[in-house]
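*Asks:* I'd like to ask some things about the structure below.
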Amino acid sequence: MRWLFALAAGIAVSSAAQSAPMGFKDSAMAMGDFSPNWRESWVNYALTARDAVGAGGLYMRSDDKSKTRTLAEVNYTRLVTRWNLPHAQANVWFFAGAGAIQGNDFSGSKLAWAPGLQVDYETTRVYVAATGRLYRASGLNHDFASVRAGFSFYEVDYDEIQPWFIVEARRMRGLSDKTEVTPMLRLIHNRYFVELGVNNSKQARANFMYIF
């Protein structure tokens, strides 16, 4: 995990980052991330241009399929700062989540908390992001880190669909002993995106986002 956090910090310092986890004021956002070992979905509502509240669910499974976790949480998202640069934008986001986590190797549920940070930078042609979240409960540590980078194949008008190539590396402590790397094709519009890919374990992955 140390090298992954170091890489994330390096990308954050050198380029800043992207992929907004909330929409504009008074909008609702739905997102999902689905693969055999990781399934997540959540919705939030933007109270202001910088603050959103929401709820979501997360399913995690170990590489050997022996352990599973399910987490139901309420969360808060805050745009800490934004830099509007010439032909580019950079952001720092803060997350705070809390909820109940269950597993197949312990009884009942435990109170879990999940703070995190995301730093991102984007232009119309380039995108980099680094994310870290702590998934903690009594006796559990499933800290998560990811870095992703990509480029668009060509520029489009605001109301057109734009294709991107994205590569993400991510890792979670306690459930996996390797880094998952997934190249993906992203199709993005001004209100949604869809991502499809296959990771280095030959598992399919699909992501989506939609702003209402």
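*Asks:* Could you please give the count of residues in region 50-60 that are surrounded by fewer than 21 Cβ atoms within 10 Å (Cβ to Cβ) and either farther than 13 Å from MET29 by Cα or modelled with pLDDT under 95 (or both)?
*Replies:* Filtering region 50-60 down to residues surrounded by fewer than 21 Cβ atoms within 10 Å (Cβ to Cβ) leaves 50-51, 53, 55-57, 59.
Okay, now just the ones that are also either farther than 13 Å from MET29 by Cα or modelled with pLDDT under 95 (or both), so 50, 57, 59.
Adding up the residues that qualify gives 3.
*Asks:* Something else about it: Within region 134-147, how many residues are free of Cβ contacts under 8 Å to residues at least 40 places away in the same chain and under 20 Å from THR182 (Cα atoms)?
*Replies:* 1
*Asks:* Output the residues belonging to region 161-207 that are in contact (Cβ under 8 Å) with a residue 24 or more places away in the chain, in a strand (DSSP E or B), surrounded by fewer than 16 Cβ atoms within 10 Å (Cβ to Cβ) and hydrophobic (A, V, I, L, M, F, W, C).
*Replies:* If the condition is that a residue be in contact (Cβ under 8 Å) with a residue 24 or more places away in the chain, in a strand (DSSP E or B), surrounded by fewer than 16 Cβ atoms within 10 Å (Cβ to Cβ) and hydrophobic (A, V, I, L, M, F, W, C), then LEU187, ALA204, ALA206 are the ones that fit.
*Asks:* Would you please name the residue that is most open to solvent (accessible area, probe 1.4 Å), looking only at residues in region 109-136 that are at pLDDT 95 or above and assigned to a loop (DSSP other than H, G, I, E, B)?
*Replies:* Step by step, filter region 109-136, then rank; the result is LEU134.
*Asks:* Does region 93-103 include one or more residues that are part of a loop (DSSP other than H, G, I, E, B), open to solvent by 20 Å² or more (accessible area, probe 1.4 Å) and either of a type outside the set (A, V, I, L, M) or over 30 Å from PHE153 (Cα atoms) (or both)?
*Replies:* no
*Asks:* Now for a different question. Determine which single condition ARG148 fails, assuming it passes every other condition in (1) open to solvent by less than 70 Å² (accessible area, probe 1.4 Å); (2) at pLDDT below 95.
*Replies:* Condition (2) is where ARG148 drops out.
The values are calculated or read from the model by the stated rules, or taken from the named source; none is laboratory data. Bear in mind that the values here come from a model prediction, so they are computed numbers and not experimental data. Neighbour counts run over all protein chains shown; Cβ positions are idealised from the backbone, glycine included. Accessible surface is based on the protein model in full, side chains and every heavy atom, while ligands, DNA and RNA are left aside. Shrake-Rupley method; radii C 1.70, N 1.55, O 1.52, S 1.80 Å.
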